[in-house]
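The values are calculated or read from the model by the stated rules, or taken from the named source; none is laboratory data. Here the structure is a predicted model, which is why all the values come from computation and not from measurement. Here the Cβ positions follow ideal geometry from the backbone for every residue, glycine too, while neighbour counts run over all protein chains shown.
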Amino acid sequence: MRISAGCQITYDCPQPTPMLLMISPHPSRLPDLVGPHQVSFDPPIPARDYTDSFGNTCTRIVAPQGRLVISTRLVVEDSGLPDDHAPAAWQRSVEDLPDPMLMYLLGSRYCDTDRLSDVAWTLFGQGPTGWGRVQAICDYVHERIQFGYEHARATRTASEAFNERRGVCRDYAHLAVALCRSVNIPARYCTGYLGDIGVPPPYGPMDFAAWFEVFLDDRWHTFDARNNTPRIGRILMARGRDATDVAIATTFGPCTLAGFSVMTDEVVA
């Protein structure tokens with residue numbers, strides 16, 4: 001199947017403001033693009049891409065004083081298959097993990113494992129390991145947090161989501177990542193497009209989605225504590241330790257978000 005996706009983000013800046021954007025598809029999805037990935041700025045401004053330490057494509061700009069509209073559009077060829085399901089995936093001991101995985105066991109800005117370690121071992125330390133342990137964590141987070149856009153807060157940590165029991169998809173992902181890391185399963189945060197393909201109505205408002213990946217056996221596996229079911233048509237944009245590493249826009253100066261919209265639709269022939 002083909003999926004059309006894109007976004008439009010509007011900022012009002014009182015002065016020229018450097019920005020770091022993550023609005024491009026992840027390099028792993030570039031072979032699936034149908035035509036070019038289009039990024040436009042109104043008014044037109046220079047932009048430069050680079051690859052960060054996590055392998056994500058980042059765009060550097062300086063937003064001019066006044067209003068800037070950032071728009072993207074892409075079409076990808078997708079398998080149309082739901083997320084992989086691998087219940088036999090096994091958990092490596094810490095001493096046997098590849099060196100690059102160790103950073104994904106550590107706490108980070110929003111995944112405060114130091115505040116959740118005791119809870120994680122109490123809840124999940126005596127149960128199954130590997131895939132079964134991650135699924136138990138997803139089940140727990142899915143039931144514990146009440147979803148609602150009115151509950152969004154950009155500064156909420158995993159432990160705060162655990163205590164407040166409410167949030168949006170990033171909070172589900174942060175809590176699940178922190179619990180996985182606390183029981184020695186490498187986990188990383190993901191963001192991208194996820195439409196309602198294959199999901200019965202009613203549909204909620206479209207937004208960027210957050211999910212996570214865990215390292216089991218010898219590869220990364222996708223999990224989604226918010227939806228807690230395999231989904232069709234994920235378009236990965238970025239991976240990192242938590243939302244700090246994959247923010248759609250990081251601004252280095254005062255500015256106001258004046259508009260925001262996301263679209264993800266199956267292209268019907």
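Residues being in a helix (DSSP H, G or I) and either acidic (Asp, Glu) or crowded, with 21+ Cβ neighbours inside 10 Å (or both): count how many of those fall in the range 159-168.
We begin by selecting, within the range 159-168, every residue in a helix (DSSP H, G or I); these are 159-164.
Of the ones still in play, those that are also either acidic (Asp, Glu) or crowded, with 21+ Cβ neighbours inside 10 Å (or both) are 160-162, 164.
Number satisfying all stated conditions: 4.
Taking residue 66 and the conditions (1) in contact with an Asp or Glu (Cβ under 8 Å, 6 or more places away or on another chain); (2) assigned by TED's automatic domain parsing to the domain that holds residue 210, which numbered condition does it fall short on, given that it satisfies the others?
Going through the list (1) in contact with an Asp or Glu (Cβ under 8 Å, 6 or more places away or on another chain); (2) assigned by TED's automatic domain parsing to the domain that holds residue 210, residue 66 breaks only (2).
Consider residue 156 against the criteria (1) free of Cβ contacts under 8 Å to residues at least 40 places away in the same chain; (2) assigned to a loop (DSSP other than H, G, I, E, B); (3) not aromatic (Phe, Trp, Tyr): it satisfies all of them except one. Which criterion is unmet?
(1)
Output the residue which, of all residues in the range 65-76 that are touching a Cys at 6+ places or on another chain (Cβ under 9 Å) and within 29 Å of residue 2 (Cβ to Cβ), is surrounded by the most Cβ atoms within 10 Å (Cβ to Cβ).
Pass one, the range 65-76, residues touching a Cys at 6+ places or on another chain (Cβ under 9 Å): 65-68, 70-73.
Pick out the ones that are also within 29 Å of residue 2 (Cβ to Cβ) and you get 70-73.
Details: 70: 25, 71: 16, 72: 20, 73: 16.
Here the residue is 70.
Here are 243, 210, 178: which of them is hydrophobic (A, V, I, L, M, F, W, C), crowded, with 24+ Cβ neighbours inside 10 Å and within 12 Å of the chain's Cα centre (by Cα)? Let's see the steps before the verdict.
Working: 243 fails: crowded, with 24+ Cβ neighbours inside 10 Å; 178 fails: within 12 Å of the chain's Cα centre (by Cα).
After applying the criteria, what remains is 210.
Determine the pairs where a residue that is under 13 Å from residue 181 (Cα atoms), located within the range 96-108, has a partner that is surrounded by 17 or more Cβ atoms within 10 Å (Cβ to Cβ) and hydroxyl-bearing (Ser, Thr, Tyr) with Cβ atoms under 7 Å apart, the partner being 6 or more residues away or on another chain.
107/113
Out of 196, 171, I need the residue that is in a helix (DSSP H, G or I), among the acidic types (Asp, Glu) and within 19 Å of the chain's Cα centre (by Cα). Which one?
Numbers: 196 fails: in a helix (DSSP H, G or I).
The match here is 171.
Scan the range 142-156 and give yes if some residue there is within 24 Å of residue 86 (Cα to Cα) and either buried (at least 22 other Cβ atoms within 10 Å of the Cβ) or of a type outside the set (Val, Ile, Thr) (or both), otherwise no. Steps first, answer last, please.
Our first condition is that a residue be within 24 Å of residue 86 (Cα to Cα); within the range 142-156, this holds for 142-143.
Checking which are either buried (at least 22 other Cβ atoms within 10 Å of the Cβ) or of a type outside the set (Val, Ile, Thr) (or both) leaves us with 142-143.
The answer is yes, given that some residue of the range 142-156 is within 24 Å of residue 86 (Cα to Cα) and either buried (at least 22 other Cβ atoms within 10 Å of the Cβ) or of a type outside the set (Val, Ile, Thr) (or both).
Among the residues of the range 36-64, write down those that are more than 30 Å from residue 79 (Cα to Cα) and either surrounded by 12 or more Cβ atoms within 10 Å (Cβ to Cβ) or at pLDDT below 95 (or both).
Of all residues in the range 36-64, those more than 30 Å from residue 79 (Cα to Cα) come to 41-48, 60-64.
Those that are more than 30 Å from residue 79 (Cα to Cα) and either surrounded by 12 or more Cβ atoms within 10 Å (Cβ to Cβ) or at pLDDT below 95 (or both): 41, 42, 45, 47, 60, 61, 62, 63, 64.
Looking only at the range 18-35, how many residues end up being surrounded by fewer than 19 Cβ atoms within 10 Å (Cβ to Cβ) and either under 19 Å from residue 63 (Cβ atoms) or in contact (Cβ under 8 Å) with a residue 24 or more places away in the chain (or both)? Outline the logic, then answer.
Of the range 18-35, the ones surrounded by fewer than 19 Cβ atoms within 10 Å (Cβ to Cβ) are 18, 20, 27-28, 30-35.
Imposing the further condition that a residue be either under 19 Å from residue 63 (Cβ atoms) or in contact (Cβ under 8 Å) with a residue 24 or more places away in the chain (or both) reduces the set to 18, 20, 27-28, 32-35.
Of the residues in that region, 8 qualify.
If I ask for residues that are closer than 21 Å to residue 156 by Cα and of a type outside the set (D, E, K, R), which ones from the range 229-248 would you list?
Step one: of the range 229-248, the residues closer than 21 Å to residue 156 by Cα are 238-248.
The answer is 238, 240, 243, 244, 246, 247, 248.
For residue 59, state whether it is under 17 Å from residue 255 (Cβ atoms) and in contact with a Gly (Cβ under 6 Å, 6 or more places away or on another chain). I'd like the intermediate steps shown before the answer.
On the way: under 17 Å from residue 255 (Cβ atoms): yes; in contact with a Gly (Cβ under 6 Å, 6 or more places away or on another chain): no.
Considered against the rule, which asks whether it is under 17 Å from residue 255 (Cβ atoms) and in contact with a Gly (Cβ under 6 Å, 6 or more places away or on another chain), residue 59 comes out as no.
With the structure loaded, tell me whether residue 71 is of a type in the set (Ser, Thr, Tyr) and free of Cβ contacts under 8 Å to residues at least 40 places away in the same chain or whether it fails that test. Before the answer, list the steps.
On the way: of a type in the set (Ser, Thr, Tyr): yes; free of Cβ contacts under 8 Å to residues at least 40 places away in the same chain: no.
Judged against the criteria, residue 71 is not a match.
Taking the range 249-262, which residues are touching a Cys at 6+ places or on another chain (Cβ under 7 Å) and surrounded by 14 or more Cβ atoms within 10 Å (Cβ to Cβ)?
255, 262
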